[in-house]
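See below for the structure under consideration.
The values are calculated or read from the model by the stated rules, or taken from the named source; none is laboratory data. This one's a predicted model, so the numbers in the text were calculated from it and none came from an experiment. With ideal geometry, Cβ positions are generated from the backbone for all residues, glycine too; neighbour counts draw on all protein chains shown.
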C-alpha cells in the first residue's frame, strides 16, 4: 500500500506555522485502486493569515470547530502505519508532521517531484499543476488538500507509464545511476520502477553509450570570404522585407553600422525596439565579415536575447541572405557541463538521494541536447552545490590531458567560434573575459553591444567576486568524499583544513559583530557597504598571513595527489586565496566596492566588485577595439547622451538617435490621476482604485510594483472579489513560481491580471498580444542603502539629480518602450506616482514619447469614462 497525503498550513515555516488541513488516500501500488480516504480541517489555534486564505480558500470559520492536531495524532499514525508515503516535495510535509509529534520520518517515501525532475526535465516548471497540464490530468481547486492528493496519485500513475515507455537503452543508463546510491529510498524506488529489469552495466559501458550520442568535434570548414561583395547598396540585402513589417529607420541604421565598420569608428545608436535593430546591425556585420574575414562579436545582456539572435534572427538571415556565412554562440564556462567532471562524479558512486535525481536528469538530457548549455535545464536549490562540481569552470576541460576533450561541449563551442563570421555572446562572458588571464575572446576587434543601457550593471555583476565560510566548508566536505571513495591518504589536508577554517571563523565572527552593530535588527538578510572602520579593531595581517600560507599548502598538497584530478578543487582554493587577499587589502579602496552580507543559510559572505566601470572599460575594451556599436532603445536622458557618456567614458564615440515610426498620439495613452494623494502613504486609496480598474478591464494587465508588501496588500484585498467575477489575479511570489505565473497569465490573458516587480519585468518577455494595460506604481529608484549605489554616488556632485534620477528614468523608459511592437498596437499606461505632478519631477515626462496622449483626470472620472467606453 501507498499513502498519498497533503497538508495545508498557515505558512512555510515548519517550526512555527501550523497545519490547517490534512488529506490522505491509501491506494494499491499495483492497480492504483483507492482503498481508504481521510480528510479533515485542523484548528491551528491561531488566525489564518489573509494571504494563506487567498491561496487555499480556507478561512478561520472553516477551522473554528475543527479538532486540534493533538487530538488527531493517534488516528493519523494509525492510518499511515508503516506504509510508503507519496507526495510532491514530500519532505516538506513530512517535516510538518514530525514537528507536530507525528513521527513518520522512518517511513519509506516516494516524491513525484524527484521523478518529474528526471522524466520531464524539459519542462520549465515542475509545479504540481504544471505537471498535471503536461499529462492532461484534470486539476481543479488547487491548494485544497484532497484535490491535490487525487491529482498527485494520477500524476504518479502517469509517471510510471512514462517511465515504462523509455527505451531499453535509457533504462539501462538510469538503472546504472540508481545503483550508485545506497540510500534506502532510492533502493525502494529502484525496485518499484525497475521491477522487471536487472541491467548490470559498468562505467565503461555507461560512458561509451553516452559518448556515442555526442560525437567528437569535426569542423573542417573555413570562414567564407568574398571581397567582391557589393556593400554600396545595403537596401538590396533587405529583399526579404515582404516577410516582415517594413520600418523606414532600419535601413538608415544599417548604413550607419556598416560605416562604423568601414571607417573603424565607435558609435552609440539609440533605436526604438520596434525598429528591429537586430537586423540593422546583423546584416552589416555579416557583410563586413564576409568582405574582410574579420569576426564580429554580438553581445547581449540576457541569455534569452542571445538565444533569440542565434535561433531566430541569424537562422532567418542564413536562409534569406544571398551570401552564405557561419555563425555560432558562446557562453561562459559555468554554462557548459564538463563530461570529465560528470563521469568522474559517477565513478565515485555512493550518490545521495538528490544526486540520483540530478544525475539521471543530466544523463537523459545529454542524449538529446543541441547546444550543450546547462541553462537548457531548470535547476532547484538543492542541486546548485552539486552543479558547481559539474560545470566547466577551470581549464582542465579544454586541456589535452582530458581524455574527453574532443567531446567536451565547451571545447566544441570554442572550435565553432574560430570558424564563424558572427559570434553571439553575452555581457557576462564579455566582461569576465576582459578580466581573465586565459582569454577565450582573443580576436575581439569588432563588437556590437545590444541592451547597452545595462552595461554598468553587467560589468558590476560579471566582475563580482565573493567567498564565504559556508562554501569553503562545502568544498572540504566534497574533498573528503573523494578521499574516502578513492582511498587517498589525507591527514596532511585535514591538518591544514582545521587551521584554515579556524582562522576563517575568527574573521567571520568579527564581520558578523561588525554587521550586527551597523544593522541591529532581526532581518534574515543584511547587507552593508564596508567602511574604513572595519579594519580599525582587528589586526588582520597575522590572521591573513596564516590563511594565505594554509591555502598555499593545501593547493601544493592537492597538486601532488596523483590518484585523482583535483583541478577544480585547486581552482577553488586559488580563487579563495585571491578573494581573501583583495577583500582585506586596505590599499585598494579606490579600486573595489567591498560588501558584507548575511543570511540565515550562508551566514556571512564577503564580496567585492569594481568601483569605476568607466575607467575599466576604457582601458580594457574601448581603446582596443577597431569598431564598436552600442545600441539600445534607452540611452539618452533629457534628449542628451551626457549621462551614459559619463558613466561609461564614451569620449571617442559618435552618437546617433532614431525616432520611432509609431504614432503615439493614437496608439498610446498615459493616464495620471490627480487625486491619488501621496504615493508613499496612501496604499488603501491605490488598492481601491486598482480593484475598480481591474473589475472594468478584466484582462491583459501588468502591474509593476516596487515592493512585495504592496503586492501582498493588493492581492489579499482584491483576489477573492475578483475571483467572483471570473478574473484571475496572479502575484509574484504568492502561490506559484514565476514560470508558472507567467504561463498561467499568457494562457488566460483574456481574464487575467499580473502583479510583478521591476526585476521580473526584465526577465520576462510577455507576448504583445497578451498585454494591453500597464500600471506603474512608483518611479523605479534604486534603494538608497544599496552598497554599490552608495559607493558610486561619490562620483557625482548631486548624486540624486545626476545619478539616481537618470537611472530611474532609464528603467522607466525600458518599462514603457518594450510594450508597443507594431503599428497596430494600442496601449494604456497608468502612472500612480503623484510626484510627477510637482515641478522637481517633471523630468520624468521625458521617459515617455513626446507625442503620447496624456490624460490628467480624477480617478473617478477616468474609471467612469473607461467603463462607458469599455
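Does residue 125 satisfy being part of a loop (DSSP other than H, G, I, E, B), touching a helix residue (DSSP H, G or I) at 6+ places or on another chain (Cβ under 6 Å) and within 30 Å of residue 166 (Cβ to Cβ)? In short, yes. Condition check: assigned by TED's automatic domain parsing to the domain that holds residue 149, touching a strand residue (DSSP E or B) at 6+ places or on another chain (Cβ under 7 Å) and farther than 23 Å from residue 156 by Cβ. Does residue 13 satisfy that? When the stated conditions are applied, residue 13 does not pass them.
Residue by residue, here is whether (1) modelled with pLDDT of 90 or more; (2) surrounded by fewer than 17 Cβ atoms within 10 Å (Cβ to Cβ); (3) more than 20 Å from residue 439 (Cβ to Cβ) holds:
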| residue | (1), (2), (3) |
| --- | --- |
| 341 | no, no, yes |
| 372 | no, no, yes |
| 381 | no, yes, yes |
| 394 | no, no, no |
| 404 | no, no, yes |
| 412 | no, no, no |
| 416 | no, no, no |
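Only one of 578, 626, 588 is in contact (Cβ under 8 Å) with a residue 24 or more places away in the chain, more than 26 Å from residue 473 (Cα to Cα) and surrounded by fewer than 18 Cβ atoms within 10 Å (Cβ to Cβ); which?
Working: 578 fails: more than 26 Å from residue 473 (Cα to Cα); 588 fails: in contact (Cβ under 8 Å) with a residue 24 or more places away in the chain.
Checking each option against the conditions leaves just 626.
Among the residues of the range 194-212, those that are without any contact (Cβ under 8 Å) to a residue 40 or more places away in the chain and part of a helix (DSSP H, G or I) comprise 204, 205, 208, 212.
What about residue 467, is it in contact (Cβ under 8 Å) with a residue 60 or more places away in the chain, in contact with a strand residue (DSSP E or B) (Cβ under 7 Å, 6 or more places away or on another chain) and loosely packed, with under 15 Cβ neighbours inside 10 Å? Break it down into steps so the answer makes sense when it comes.
Working: in contact (Cβ under 8 Å) with a residue 60 or more places away in the chain: yes; in contact with a strand residue (DSSP E or B) (Cβ under 7 Å, 6 or more places away or on another chain): yes; loosely packed, with under 15 Cβ neighbours inside 10 Å: no.
It is false that residue 467 is in contact (Cβ under 8 Å) with a residue 60 or more places away in the chain, in contact with a strand residue (DSSP E or B) (Cβ under 7 Å, 6 or more places away or on another chain) and loosely packed, with under 15 Cβ neighbours inside 10 Å.
Suppose the filter is within 23 Å of the chain's Cα centre (by Cα) and more than 13 Å from residue 210 (Cα to Cα); does residue 344 pass it?
Details: within 23 Å of the chain's Cα centre (by Cα): no; more than 13 Å from residue 210 (Cα to Cα): yes.
Against the criterion (within 23 Å of the chain's Cα centre (by Cα) and more than 13 Å from residue 210 (Cα to Cα)), residue 344 does not qualify.
Candidates in the range 474-521 are the residues that are farther than 26 Å from residue 345 by Cβ and not in a helix (DSSP H, G or I); of these, the one that is farthest from the chain's Cα centre (by Cα) is 520.
Answer with yes or no whether residue 634 is under 30 Å from residue 273 (Cβ atoms), in contact with a strand residue (DSSP E or B) (Cβ under 9 Å, 6 or more places away or on another chain) and crowded, with 21+ Cβ neighbours inside 10 Å.
Numbers: under 30 Å from residue 273 (Cβ atoms): yes; in contact with a strand residue (DSSP E or B) (Cβ under 9 Å, 6 or more places away or on another chain): yes; crowded, with 21+ Cβ neighbours inside 10 Å: yes.
Yes: the conditions hold for residue 634.
Tell me, please, whether a residue that is under 31 Å from the mean Cα position of the chain (by Cα) and either more than 30 Å from residue 793 (Cα to Cα) or in a strand (DSSP E or B) (or both) can be found in the range 528-535. For the range 528-535, residues under 31 Å from the mean Cα position of the chain (by Cα) and either more than 30 Å from residue 793 (Cα to Cα) or in a strand (DSSP E or B) (or both): present.
Would a scan of the range 354-375 turn up a residue that is out of contact with any strand residue (DSSP E or B) (no Cβ under 6 Å at 6 or more places or on another chain), farther than 24 Å from residue 190 by Cβ, touching a residue at least 60 places away in the same chain (Cβ under 8 Å) and part of a helix (DSSP H, G or I)? Yes, some residue in the range 354-375 is out of contact with any strand residue (DSSP E or B) (no Cβ under 6 Å at 6 or more places or on another chain), farther than 24 Å from residue 190 by Cβ, touching a residue at least 60 places away in the same chain (Cβ under 8 Å) and part of a helix (DSSP H, G or I). Elements of the type helices (runs of 4 or more DSSP H) sitting completely within the range 27-83 and holding at least 1 residues that are out of contact with any strand residue (DSSP E or B) (no Cβ under 8 Å at 6 or more places or on another chain) and over 30 Å from residue 724 (Cα atoms): these cover 69-80. Here residue 561 fulfils each of the conditions (1) under 30 Å from residue 391 (Cα atoms); (2) over 28 Å from the mean Cα position of the chain (by Cα); (3) modelled with pLDDT of 95 or more apart from (3). With respect to the stated conditions, residue 102 fails to be touching a residue at least 40 places away in the same chain (Cβ under 8 Å) and either closer than 22 Å to residue 35 by Cα or buried (at least 18 other Cβ atoms within 10 Å of the Cβ) (or both).
For (1) surrounded by 15 or more Cβ atoms within 10 Å (Cβ to Cβ); (2) in contact with a strand residue (DSSP E or B) (Cβ under 8 Å, 6 or more places away or on another chain); (3) under 18 Å from residue 372 (Cβ atoms), each residue gets a yes or a no:
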residue: 409; (1), (2), (3): yes, yes, yes
residue: 443; (1), (2), (3): no, no, no
residue: 479; (1), (2), (3): yes, no, no
residue: 488; (1), (2), (3): yes, no, no
residue: 491; (1), (2), (3): no, no, no
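Restricting attention to the range 607-623, which residues are closer than 22 Å to residue 794 by Cα and touching a residue at least 24 places away in the same chain (Cβ under 8 Å)? 607, 608, 609, 610, 611, 612, 613, 614, 615, 616, 617, 618, listed by residue number. Of the numbered criteria (1) within 26 Å of the chain's Cα centre (by Cα); (2) under 30 Å from residue 345 (Cα atoms); (3) not in a loop (DSSP other than H, G, I, E, B), the one residue 601 fails is (3).
Of all residues in the range 413-451, those satisfying the criterion of being over 21 Å from residue 574 (Cα atoms) and under 20 Å from the mean Cα position of the chain (by Cα) are 424, 425, 426, 427, 428, 430, 450, 451. One residue stands out in the range 680-694 among those that are surrounded by fewer than 20 Cβ atoms within 10 Å (Cβ to Cβ) and in contact with a helix residue (DSSP H, G or I) (Cβ under 7 Å, 6 or more places away or on another chain): the one that is farthest from residue 742 (Cα to Cα), namely 683.
Residue 597 satisfies every condition listed in (1) within 30 Å of residue 507 (Cα to Cα); (2) crowded, with 21+ Cβ neighbours inside 10 Å; (3) modelled with pLDDT under 95 except (2).
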